[in-house]
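Any read-out appearing in this document is the output of simple, stated calculations on the displayed coordinates, not a laboratory observation. Note that this is a predicted model, so its numbers are computed, not measured. Cβ: placed from backbone, ideal geometry, glycine included. Neighbour counts: every protein chain shown.
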Amino acid sequence: MSFTIIKHPLILDKLTRMRRIETSSKDFRENLNEIGQLMVYEIFRDIPLKELEIETPVKKAVGYTVDIPVVLIPIIRAGLGMTEGIQRLIPTARIAHIGLYRDETTLEPVEYYAKSTKNIDESYVIVVDPMLATGGSAAKAIEIAKKWGAKNIKFVCLVAVPEGVKKLQESHPDVEIYTAALDEKLNDIGFIEPGLGDAGDRIFGTK
């Protein structure tokens with residue numbers, strides 16, 4: 001079970017900007033995308049490379065290229081806010097999508113949309129959602145990705161709480177979890193404290 005908090009000064013600065021109640025949707029989105037880039041830069045330190053010969057304007061040289069396809073899976077809708085920044089860093093990444101909503105009676109996540117990509121079983125898969133709260137949606141999304149054949153899966157979020165981390169580790173002990181912050185707890189209505197509010201609403205300006 002791997003759980004990593006990426007404490008980079010630039011990430012902490014941008015996360016603080018996002019937490020502020022007065023931050024606009026535009027600034028919230030921009031900082032979220034930038035944090036996504038910074039986090040993936042750190043996470044990809046162990047990605048396999050392939051050596052290849054190239055020709056520069058001066059002479060032949062040895063270079064390197066990423067030796068495994070990459071698939072991003074945002075959990076709709078808030079996860080969409082992290083994909084643009086990550087894809088800027090990895091423009092060859094393919095994007096699958098998983099849409100989930102919470103059943104009002106059972107409080108369990110229910111799938112309403114899922115679209116995979118080709119060769120996901122051979123890919124380095126990153127499931128993204130800004131918040132890891134109860135852990136239900138993350139666990140369900142990873143379950144769906146595994147049904148598609150995904151094996152090498154990492155979950156990336158902005159803010160997590162111990163309850164969500166515990167749930168995800170129990171459900172998928174083989175999945176590495178990365179976050180920018182571990183907050184205190186969930187409150188009585190399921191919001192992360194201190195958190196940053198409803199990430200989807202703040203990304204898309206729907207409230």
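Mind scanning Lys146/Lys166; Lys115/Lys151; Lys115/Lys167; Lys115/Lys154 and naming the pairs with a C-alpha gap bigger than 21 Å?
Values: Lys146/Lys166 19 Å; Lys115/Lys151 17 Å; Lys115/Lys167 25 Å; Lys115/Lys154 18 Å.
Listed pairs above 21 Å: Lys115/Lys167.
With the contact rule set at Cα under 8 Å and sequence spacing of 6 or more, what percent relative contact order holds for the chain? It would help to have the intermediate numbers written out before the result.
Working: 392 pairs, mean separation 45.8, N = 207.
Relative contact order comes out at 22 percent.
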## Note on the structure
For Lys59, counting only lysines whose alpha-carbon sits under 25 Å away and dropping same-chain residues fewer than eight positions off, the answer is Lys50
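Viscosity 1.567 mPa s, temperature 4 °C: give me the Stokes-Einstein translational D for the chain in µm²/s, with Rh taken as the Kirkwood radius over C-alpha pairs. Don't skip to the end; give the middle numbers.
Working: Rh = 17.7 Å.
In µm²/s, the coefficient rounds to 73.
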### Message
In whole Å, what are the extents of the range 1-123 along the principal axes defined by its C-alpha atoms, from largest to smallest?
### Response
64, 35, 31
### Query
Using all Cα-Cα distances in the range 1-53, what percent lands in each 5 angstrom bin from 0 up to the longest?
4, 17, 23, 18, 14, 10, 7, 4, 2, 1, 0
### Query
Which chymotrypsin sites (Phe, Trp or Tyr not before Pro) from the range 111-154 combine a DSSP loop assignment with at most 10 other Cβ atoms within 10 Å?
none
### Message
Under 14 Å between alpha carbons, and skipping anything fewer than 8 positions from Lys140 in its own chain: which aspartates and glutamates qualify?
### Response
Asp103, Glu108, Glu111, Asp129, Glu170
### Task
Pop out the ³J(HN,Hα) list for the range 147-152 in order, Karplus 6.51 cos²θ - 1.76 cosθ + 1.60 with θ = phi - 60°, rounded to Hz; leave Gly and Pro as x.
5, 6, x, 5, 10, 9
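Roughly speaking, what is the stretch gain from Tyr112 to Glu42, that is 0.36 nm per residue apart minus the C-alpha to C-alpha distance, in nm to one decimal? If you can, show how the numbers build up before the last one.
Working: separation 70, 0.36 × 70 = 25.20 nm, distance 3.21 nm.
The Tyr112-Glu42 span can extend by a further 22.0 nm.
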### Query
So which aspartates and glutamates pass the test for Lys60, namely a Cα distance under 16 Å, with those fewer than 8 places away in the same chain ruled out?
Glu51
### Task
Hand me the GluC sites (Glu not before Pro) from the range 1-93 located in a DSSP loop with no more than 11 other Cβ atoms within 10 Å, in residue order please.
Glu22
